[in-house]
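**Q** Following this message is one structure expressed as structure tokens.
The values are calculated or read from the model by the stated rules, or taken from the named source; none is laboratory data. Keep in mind that what you see is a predicted model, and the values were worked out from it rather than measured. Positions of Cβ are generated from backbone atoms using ideal geometry, with glycine treated the same way; all protein chains shown enter the neighbour counts.
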């Protein structure tokens, strides 16, 4: 395989009990795939494609990123995101930002600025403002589902969102965005904005976006672990992803990831009860699923 490819995820976690919600999540994944694929089909870059796909997921209240994000223990919204360009390993990330409609665009701004990789808290929010990004009132991000999740341990949003892509020139990119964990402490940062943990891309090997228990993914350096298994052990993409996700069990947690290789092979691997996912390779059909059996 050697063609354009886009893969997205909407988070790994428990399988939503409501079949209508599962369908909404599949529809959201399909819209994200279509947005990313449109960029690639027009000759756009992998970096532009993953940004376009993640923006769709951040704007969809079914997912734990942007609108619909998990709430902190005080009912606030703090958002994290990262992007990585596989051509030169350029990366940008933000953590614990507030009010930024699309944190992935803030991560892109950090990447393009080039001075730093990760900005956090109020200074990161101020940087997003100077970059001319769109802001929303905090009420925009808060959904009734997440209010109930915080108050009564009801079913919360799942994990994170992310996208990986390979463009027509063979360039790879990855992006990940999240609202964190329901009830988290203010200032908590998970794996999503951490390069090598939640996000990784290198044109020579693979682009990866992870989802699941953030602390365990950080301990595992999960995204980079897939790269290491490909680069140093010579595993195929599916086997490398399976080994990396299996090793999350060492920390007593489950999770998942999506990946696209330098050859355009794709993978969506998880050990949790469900993971919203979707992809399109070349001119092939769009595939989406939430349940392990493809449902």
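**Q** For the structure I just gave you, tell me whether residue 95 is under 20 Å from residue 174 (Cβ atoms) and surrounded by 24 or more Cβ atoms within 10 Å (Cβ to Cβ).
**A** yes
**Q** Could we say that residue 122 is touching a strand residue (DSSP E or B) at 6+ places or on another chain (Cβ under 9 Å) and either free of Cβ contacts under 8 Å to residues at least 12 places away in the same chain or over 17 Å from residue 162 (Cβ atoms) (or both) here?
**A** Taking the combined requirement at face value, the residue satisfies it.
**Q** List pairs: first in the range 1-26 and free of Cβ contacts under 8 Å to residues at least 12 places away in the same chain and on the phi < 0 side of the Ramachandran plot, second assigned to a helix (DSSP H, G or I) and surrounded by 21 or more Cβ atoms within 10 Å (Cβ to Cβ), Cβ under 8 Å, 6+ apart or cross-chain?
**A** Here the result reads none, with nothing in the range 1-26 linked to a residue that is assigned to a helix (DSSP H, G or I) and surrounded by 21 or more Cβ atoms within 10 Å (Cβ to Cβ).
**Q** For the list (1) modelled with pLDDT of 95 or more; (2) surrounded by fewer than 21 Cβ atoms within 10 Å (Cβ to Cβ); (3) touching a helix residue (DSSP H, G or I) at 6+ places or on another chain (Cβ under 7 Å); (4) under 25 Å from residue 124 (Cα atoms), I need the number of the one condition that residue 183 fails.
**A** (1) is the only condition that residue 183 fails.
**Q** Looking only at residues that are over 17 Å from residue 128 (Cβ atoms) and touching a strand residue (DSSP E or B) at 6+ places or on another chain (Cβ under 7 Å) in the range 71-89, which one is surrounded by the most Cβ atoms within 10 Å (Cβ to Cβ)?
**A** 84
**Q** Pairs please, first residue from the range 231-247 and free of Cβ contacts under 8 Å to residues at least 24 places away in the same chain, second anywhere and part of a helix (DSSP H, G or I) and exposed (fewer than 15 other Cβ atoms within 10 Å of the Cβ), Cβ atoms under 6 Å, 6+ apart in sequence or on different chains.
**A** Final answer for the pair search is none.
**Q** Looking only at residues that are loosely packed, with under 15 Cβ neighbours inside 10 Å and touching a strand residue (DSSP E or B) at 6+ places or on another chain (Cβ under 8 Å) in the range 1-14, which one is farthest from residue 178 (Cα to Cα)?
**A** My answer is 1.
**Q** If you check every pair at least six apart or on different chains, which have Cβ atoms under 7 Å apart with a residue in the range 180-196 that is on the phi > 0 side of the Ramachandran plot and touching a residue at least 60 places away in the same chain (Cβ under 8 Å) first and a residue that is surrounded by fewer than 19 Cβ atoms within 10 Å (Cβ to Cβ) and assigned to a loop (DSSP other than H, G, I, E, B) second?
**A** From residues that are on the phi > 0 side of the Ramachandran plot and touching a residue at least 60 places away in the same chain (Cβ under 8 Å), the pairs are 180/188; 183/73.
**Q** Among the residues of the range 243-251, are any modelled with pLDDT of 95 or more, touching a strand residue (DSSP E or B) at 6+ places or on another chain (Cβ under 7 Å) and surrounded by fewer than 21 Cβ atoms within 10 Å (Cβ to Cβ)?
**A** No, every residue in the range 243-251 fails to be modelled with pLDDT of 95 or more, touching a strand residue (DSSP E or B) at 6+ places or on another chain (Cβ under 7 Å) and surrounded by fewer than 21 Cβ atoms within 10 Å (Cβ to Cβ).
**Q** Do any residues in the range 206-224 that are farther than 15 Å from residue 270 by Cα have Cβ atoms under 6 Å from those of residues that are part of a helix (DSSP H, G or I) and modelled with pLDDT of 95 or more, where the two are at least six apart or on different chains, and which pairs are they?
**A** 206/226; 206/227; 206/230
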